[in-house]
Amino acid sequence: MDEQPGLSDQYRMASPWPIFVAFGIPIAELGILFDVFVVAVGGLLLFCGSLTGMIREAGYAKTAWRPLTVFAVLLFAIGGGLVFTDVNLVTRGYAIITAGALLAAAGIGGELFVPKREPV
């Protein structure tokens, strides 16, 4: 008798990332819509981090650090656009820029300080 009946190596493993993407989008939108700084930053970090995990898992990137940096640049651009175009959206833009800064710090820090593994 098998320890795990019905499971075999031919089936793909389920990815945990889509559920976090699904939670990250509305959390970020609620934080930005209602001008709740911490919720907006947390939702954007969850959303961008989950997308980075999906990109890494799918094999489109060797590490997660460069996609994090790309998302940081996108968030800087969007947040900068909100800060410099409309007076009413300044704090929302600052929340997006803060999330971008945290992602940039993680991406740059990971690229510089995490040791690279040799292929097996």
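Here, each number is a calculation from the coordinates, and none is a lab measurement. Computed from a prediction, not measured in an experiment: that's the story for all the values here. Cβ coordinates were reconstructed from backbone atoms using ideal geometry, including for glycine residues, and neighbour counts include every protein chain displayed.
In plain terms, the chain is cut at each of the chymotrypsin sites (Phe, Trp or Tyr not before Pro) found in a DSSP loop with at most 12 other Cβ atoms within 10 Å, and the longest leftover piece is 61-120.
The order of 33, 75, 102, going from fewest to most other C-beta atoms within 10 Å of their C-beta, is 33, 102, 75. Were the residues from residue 113 through residue 14 laid out at 0.36 nm apart, the gain over their Cα-Cα distance would be 32.6 nm. Over the chain, all Cα pairs binned in 10 Å intervals from 0 give whole-percent P(r) values of 14, 35, 27, 14, 7, 2, 0, listed from short to long. Each 10 Å bin from zero up to the one holding the largest Cα-Cα distance in the stretch 27-90 carries the following percent of pairs: 22, 44, 26, 8, 0.
Of the trypsin sites (Lys or Arg not before Pro) found in the stretch 87-120, those that fall in a DSSP loop while having at most 12 other beta-carbon atoms within 10 Å are 116, 117. Taking θ as phi - 60° and the Karplus parameters 6.51, -1.76 and 1.60, the scalar couplings of the stretch 33-46 work out to 5, 9, 6, 9, 4, 5, 5, 5, 5, x, x, 5, 5, 5 Hz in sequence order, x denoting glycine and proline. The smallest convex shape that holds all Cα atoms of the stretch 72-120, its convex hull, gives 60 Å³ per residue.
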